[in-house]
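The values are calculated or read from the model by the stated rules, or taken from the named source; none is laboratory data. Everything numeric here is computed off the predicted structure, so don't read it as measured data. Note that we place each Cβ from the backbone using ideal geometry, even for glycine, and neighbour counts take in every protein chain shown.
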Amino acid sequence: MKKPQRLGLALVAALGSHFSLFAQNAPVPFEAESGTSTTPPVAGATIGDWVIGTTPASSTVPAATYITTKTDQTAYAGGNAAPATAARVLTYSITFPGAGSYDLYARIWVGPGGFNDDSYYNATSFGVKSPTTSGDWRLQNGLASAGYVVGSTQPVDGLGTAGFSANATTPLWKWVNLSKFGSGASFTVPAGSLTQTLQIGAREDGLYFDKFVFGQTGLNFTVANLDAGTQGSAVVVTPGPAPTGSPIAMGKPKYLSSAYSTAQSPYFGVYWDGTTPENGGKWGVAEGTRGSYNWAEADAAYAQAVATGGPFRFHTLIWGAQQPTWLTTSGLSDADKLAAIKDWYQAVATHFQGKRIDFIDVVNEPTHQPPTGAAGPDGGAYLNALGGNGATGWDWVITAFQMARQYFPNSKLMLNEYSVENEPNRAATYVGIAKLLKDRGLIDAIGIQGHSFSLAPTSTASIQANMATLASANLPLYITEFDLDGATDAQQLADYQRIFPLFWENPAVRGITLWGYRPGHWRTNQGAYIANADNSERPALTWLRTYVASTYTGPMWTGNTSAAWATASNWITNNGAPANALVSSASTYTLPAATDDVVFPGYAANQPTVSSAQSARNVTLGTGSTLTTNAVLTLTGNLTNNGGAVAGTGTVALGGSSAQIIGGTTATTFPSLTVGSATASLGAPASVRQLLTLNGNLTTNGRAFTLLSDATGTSMVVNANGTVVGNATVQRYIDPTANANNGYRHYASPVAAATVADLATSNFSPVVTPAYNQAANPYAVMPFPTVFGYNSARLTSTSALTSAFDYGWESPTALTDVLTPGLGYSVNIPGTETVDFVGTLNNGSISRTNLGRGPQADAGWQLLGNPYPSVLDWNAVTTTGLDAAVYVFRSTGPYAGTYSTYVPNGPSINGGTNQLAAMQGFFVRTTSASTPGSVNFTNAARLTTYASPTFQRTTGPAPLVRLALGAATGPADEAVVYFPGDATTGFDPTADAYKLPASGTPLLASELNATGLLAINALPALGTATVTVPLRVQAPLAGNYTLRATELLNLPTGVQALLRDTQTGTLFDLSQPTGYTVSLGAGAAAAGRFALVLRPSSPLATASAALSEQVSLYPNPAHGGRLSLGLPTAMGQHAIEADVLNALGQPVFHQTLAPSANATRPLTLPVLAPGIYTVRLQTNAGTITKRLTID
């Protein structure tokens, strides 16, 4: 900041009794209207541009004659920097009683304009000044906030809170010590020159002066003293006990330091763990005479840093407001000036060689005081010597830092500036300079001065916004010259309590330096000191001790090395000072601990990724930040999301010992979330994409909480020892792969008290039609329902219609009907829709009982549903009186689909599995009409590890044949026949599964009897006898279909699996991957046409050469698809399997030749590519091979 003004403070008693006995100079009062100005006056003025007037007396205040300026400064060019004209200057000739230092007091009245009526110009010293030279004048602004009125017994200084009068006719006269107000200073009267000239200059109209008093500096003058012109009293300071203890921030990850000077040195190490020379490091102080250096204050500051053990910051190398006068008055060229700058850098480096400079303010106040020479007599004029503004606009700053990096390779290099914390545009400019330097690897930190005049008038929100801007450079921030004025203890304390935490608790701020703390402070006149001259602490300092001791400050994430959380160099967890400034400028970096609070800013070089188990206390996500967790991140505190996101596939685990909060300004989506036994609650909306584990309760507090479902997966809940307290939203995404259009999907409600209406989405409205349930022909009812339950009790033996499976469907009676947990519902809904239910999540035991079965062939089916917001393991569900199989419908069209069927500890078809998705409806069947079935769902049957089965296994060692039927495109169907050994040829409730037919798709099943079809058929163990299993094959449309074995598992050695087609006489080897293609008409194939045959392999001995010669093949070469086979009569009496193999030995054709007396048999070949083939005949006499050429 500006040059500190040195103000003397007389100390009595402690400094010796003779101090109070020196001759005191009497005060010198004089009337304000006694001043002189130009004549003739301007129009309407009394003298110059001044008006003299009077105010009447009151009961407490005598009448007063005053003088005030007639014209406001806005009427004059240059009036905002100096009086502008001689007519606006008042001149006084004062004769003093003796030599010495005097303070100037004024009795003033600030008019109703308040802060628009409260400024004037004070001459910088005695003598006649130029009205247009700004360097001759000090602006005294803000007088509306200070002063002391009649009745006040306090000493009049530059403080006070008298205010101003808003009534133009009711003056409020008050006294102010102008030497201690603002930038004022005391006046020195030398011996032999007791008569001096004092000048004041006009600025704002509305400021009235009654009288002035010059009082001896160091004496206290009250309002009564000044009104009467009587002598003040001596300042008596009785030192109190010496403060003791360790620095306030000792052991903290940030430092709290102070500027160091003689005035600030008492008990310095009791309070501060870092040191900055206040003035001794400034070029103008250190090298007042070229080549001659004064390091006294800098060395004293360094010695204090060594004694304390904290960081040492050197202030400053380049500052356009203070440098040696010889630099700009010696006629040096730019080249000479640059050489002088280099000499200065070298002198600092040489003096501190072998010592440590942790931080260096390389350039001070680049936006306020660049070294252009425009700052007045003490301003620099060497900007061009450093390269000027150049292409970047800041080339001179870049040069200064390049040189600093060269001369001080082991120090952290900083910028330093004021009012960037309260001026958004200046903050943005400052960050731009920092980024220019950062791009060149020249800067390590950003300094923010933090003075009272910038902070006290600024709102908390504005300070925070500007600090966010400053942090966007992703460099550590340091508050370098902090102070807060203290007109009163209460005001200073309130400002400290509001403002200091904004910096101390900001993770980007790694240290704070107060710009002094005792009287002698550069803003002593404003009361900015926090320790008194008697060593007592003002309330702000007492609070600061307690606050810092009890307040945690967390690490800073930079991401400067990578995105890896586990890489220590991505973090700054200490105060950012070099670990060993003599060796390296790199900090010692460590990872945050479980007790550390972490903030992730969006401006970090890389956003963090957790790839191994990590921990922290509180985590805050800043705007634009993304925390990716692919492992477990354990938080012992809260998560606050203020504009960021959580990504990845890992888990955020809340593992604190007390209740935790998920809050902030932004909703948070977790990949997986674990709530600990200490519980948690929502302070903002949240959602979970995969796994929610509740070891304790999660209370929503009325905030939206969503279990997500989409193409990437569906969330699930594990109620380990907790629940969601409050409503939750549970989504159910439909996999549209098989059918994106309308189709029946079977749902179940995962929440209590959901209704049919809750099935609605943005593009789907459920329809219920109660008339459907009583209609003779329900299929003709309009509007046709889109929501159905299933009631097996509806089936009767009255007719084929009422006894059929489909007659069990019934419509709810109203949209308000509750969806019963544990039951399923069929909904005709587009595959593009995501249904969600809102309510209390189902948890614990849920049972469905009295599941009956009538006498009808299709009776006993029950549409149940997974009642939980989690995957259900059917193997772990307890049932009685039910078949073991479970059936899940998968839609393939508006009215078409297949059933995925699963038998516990057995095989499945069409993708059936033991895992039933959340909200999944499914069929089961009551085993016997005499024993109603029941099912008991419990938490023990819910998966506790994440799975997301499709909404709509392994197999044991038993021999198994899995058959599939399908056209070239479109849906297919499966059937399984397996041989576990303990099965029967009848229906086994624990091992078999019925075939639930569905329209619009092929049907493949094994036949139990004329009417009973099995999707999964368990049969006794295979032996040496041939086993034939009749198959039901049904096509939805006429066309070509292929029936193949997709699995042949664990068949005994020598056993073949064959498909018999009695209509064509074919016995197809199911080990052939091509499958058996056949033309089918719409509907079921003829009874008995198809069968699965398992039999011991036929002998594969090679027939004798003589017999092989009796077999002929013609024409050969063949030219078309028809081929004739000549056979011996005896051989033709037996079935023959004919295969055609290509040159790779792959079968391309198979035909079974039925026994016949015909010696010539036709082989109808498909269209084959020209080439050499092998025809292999398996006959009763052995295997015969023939070479076949196709042209």
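For the range 212-229, a residue qualifies if it is crowded, with 23+ Cβ neighbours inside 10 Å and assigned to a strand (DSSP E or B), and the qualifying residues are PHE212, VAL213, PHE214, GLY215, GLN216. Each residue in the range 658-703 was checked for being under 18 Å from the mean Cα position of the chain (by Cα) and among the small types (Gly, Ala, Ser), and 8 of them qualify. Return a yes/no flag: does the range 83-91 have any residue that is over 23 Å from PRO41 (Cα atoms) and either among the hydrophobic types (A, V, I, L, M, F, W, C) or out of contact with any helix residue (DSSP H, G or I) (no Cβ under 8 Å at 6 or more places or on another chain) (or both). Scanning the range 83-91, I find no residue that is over 23 Å from PRO41 (Cα atoms) and either among the hydrophobic types (A, V, I, L, M, F, W, C) or out of contact with any helix residue (DSSP H, G or I) (no Cβ under 8 Å at 6 or more places or on another chain) (or both), so the answer is no. Every residue in the range 900-930 that is within 26 Å of LEU692 (Cβ to Cβ) and assigned to a loop (DSSP other than H, G, I, E, B), please. Passing the criteria: THR913, ASN914, ALA917, ALA918, MET919. Inspection of the range 732-744 identifies no residue that is surrounded by fewer than 20 Cβ atoms within 10 Å (Cβ to Cβ) and either within 21 Å of ASN638 (Cα to Cα) or touching a helix residue (DSSP H, G or I) at 6+ places or on another chain (Cβ under 6 Å) (or both).
Residues that are touching a Ser or Thr at 6+ places or on another chain (Cβ under 7 Å), within 18 Å of TRP861 (Cβ to Cβ) and in a helix (DSSP H, G or I) occur in the range 763-782; there is at least one.
Regarding the range 689-697, can at least one residue be identified that is in contact with a Lys or Arg (Cβ under 9 Å, 6 or more places away or on another chain) and of a type in the set (Val, Ile, Thr)? The answer is no, given that none of the residues of the range 689-697 is in contact with a Lys or Arg (Cβ under 9 Å, 6 or more places away or on another chain) and of a type in the set (Val, Ile, Thr). Considering only residues in the range 26-43 that are among the aliphatic types (A, V, I, L, M) and part of a loop (DSSP other than H, G, I, E, B), the one that is surrounded by the fewest Cβ atoms within 10 Å (Cβ to Cβ) turns out to be ALA43.
Pairs needed: first member in the range 544-568, assigned by TED's automatic domain parsing to the domain that holds PRO601 and on the phi > 0 side of the Ramachandran plot; second member anywhere, part of a strand (DSSP E or B) and surrounded by fewer than 16 Cβ atoms within 10 Å (Cβ to Cβ); C-beta distance under 9 Å; at least 6 residues apart or different chains. Pairs that qualify, where the first residue is assigned by TED's automatic domain parsing to the domain that holds PRO601 and on the phi > 0 side of the Ramachandran plot and the partner is part of a strand (DSSP E or B) and surrounded by fewer than 16 Cβ atoms within 10 Å (Cβ to Cβ): there are none. Which of the residues spanning the range 570-601 are modelled with pLDDT of 80 or more and exposed (fewer than 15 other Cβ atoms within 10 Å of the Cβ)? Correct list: ALA593, ALA594, THR595. Residues in the range 1061-1080 that are surrounded by 12 or more Cβ atoms within 10 Å (Cβ to Cβ) and within 15 Å of LEU965 (Cβ to Cβ): ASP1061, PHE1068, LEU1070, THR1074, GLY1075, TYR1076, THR1077, VAL1078, LEU1080.
When each of THR1174, THR1129 is tested for being modelled with pLDDT under 85 and closer than 16 Å to LEU1113 by Cβ, the lone residue that passes is THR1174. Selection of the range 904-922 for residues being under 23 Å from PRO869 (Cα atoms) and either over 44 Å from the mean Cα position of the chain (by Cα) or not aromatic (Phe, Trp, Tyr) (or both) yields PRO904, GLY911, GLY912, THR913, ASN914, GLN915, LEU916, ALA917, ALA918, MET919, GLN920, GLY921.
Among the candidates ALA57, ALA77, which residue alone is modelled with pLDDT under 80 and farther than 30 Å from TYR529 by Cα? So the residue among ALA57, ALA77 that is modelled with pLDDT under 80 and farther than 30 Å from TYR529 by Cα is ALA77. Pairs meeting the criteria (first residue in the range 1064-1086 and part of a loop (DSSP other than H, G, I, E, B), second residue modelled with pLDDT under 85 and among the small types (Gly, Ala, Ser), beta carbons under 9 Å, at least 6 apart or on different chains) are GLY1065/ALA1135.
Here's the yes/no breakdown for (1) part of a strand (DSSP E or B); (2) surrounded by 24 or more Cβ atoms within 10 Å (Cβ to Cβ); (3) touching a Cys at 6+ places or on another chain (Cβ under 9 Å):
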{"position": "LYS180", "(1), (2), (3)": "no, yes, no"}
{"position": "GLY201", "(1), (2), (3)": "yes, yes, no"}
{"position": "VAL236", "(1), (2), (3)": "no, no, no"}
{"position": "PRO239", "(1), (2), (3)": "no, no, no"}
{"position": "PRO243", "(1), (2), (3)": "no, no, no"}
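Just one of the listed residues (GLY808, GLY839, GLY824) is assigned by TED's automatic domain parsing to the domain that holds THR769 and out of contact with any helix residue (DSSP H, G or I) (no Cβ under 9 Å at 6 or more places or on another chain), and it is GLY824. Restricting THR729, THR669 to residues that are in a strand (DSSP E or B), surrounded by fewer than 21 Cβ atoms within 10 Å (Cβ to Cβ) and not assigned by TED's automatic domain parsing to the domain that holds GLY622 narrows the list to THR729.
Counting only strands (runs of 3 or more DSSP E) wholly contained in the range 71-153, the ones carrying 2 or more residues that are in the same structural domain as LEU198 (by TED's automatic domain parsing) and touching a Lys or Arg at 6+ places or on another chain (Cβ under 8 Å) occupy 100-110, 120-123, 137-140.
A quick yes/no check of all residues on (1) surrounded by fewer than 19 Cβ atoms within 10 Å (Cβ to Cβ); (2) aromatic (Phe, Trp, Tyr); (3) more than 20 Å from THR1077 (Cα to Cα); (4) more than 51 Å from the chain's Cα centre (by Cα):
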{"position": "ASP973", "(1), (2), (3), (4)": "no, no, no, no"}
{"position": "VAL977", "(1), (2), (3), (4)": "no, no, yes, yes"}
{"position": "GLY981", "(1), (2), (3), (4)": "yes, no, yes, yes"}
{"position": "THR985", "(1), (2), (3), (4)": "yes, no, yes, yes"}
{"position": "ASP988", "(1), (2), (3), (4)": "no, no, yes, yes"}
{"position": "ALA993", "(1), (2), (3), (4)": "no, no, yes, no"}
{"position": "THR1001", "(1), (2), (3), (4)": "no, no, no, no"}
{"position": "ALA1005", "(1), (2), (3), (4)": "no, no, no, yes"}
{"position": "LEU1013", "(1), (2), (3), (4)": "no, no, yes, yes"}
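Exactly one residue out of THR623, THR595 is of a type outside the set (Gly, Ala, Ser), in a loop (DSSP other than H, G, I, E, B) and over 9 Å from the mean Cα position of the chain (by Cα), and it is THR595. Of all residues in the range 484-514, those that are in a loop (DSSP other than H, G, I, E, B) and either over 25 Å from ILE443 (Cβ atoms) or not charged (D, E, K, R) (or both) total 8.
Within the range 323-333, restricting attention to residues that are surrounded by fewer than 22 Cβ atoms within 10 Å (Cβ to Cβ) and within 28 Å of GLN449 (Cβ to Cβ), the residue that is nearest to the chain's Cα centre (by Cα) is PRO324.
Only one entry in THR737, THR706 is at pLDDT below 95 and either closer than 20 Å to GLY656 by Cβ or of a type in the set (Val, Ile, Thr) (or both), namely THR737.
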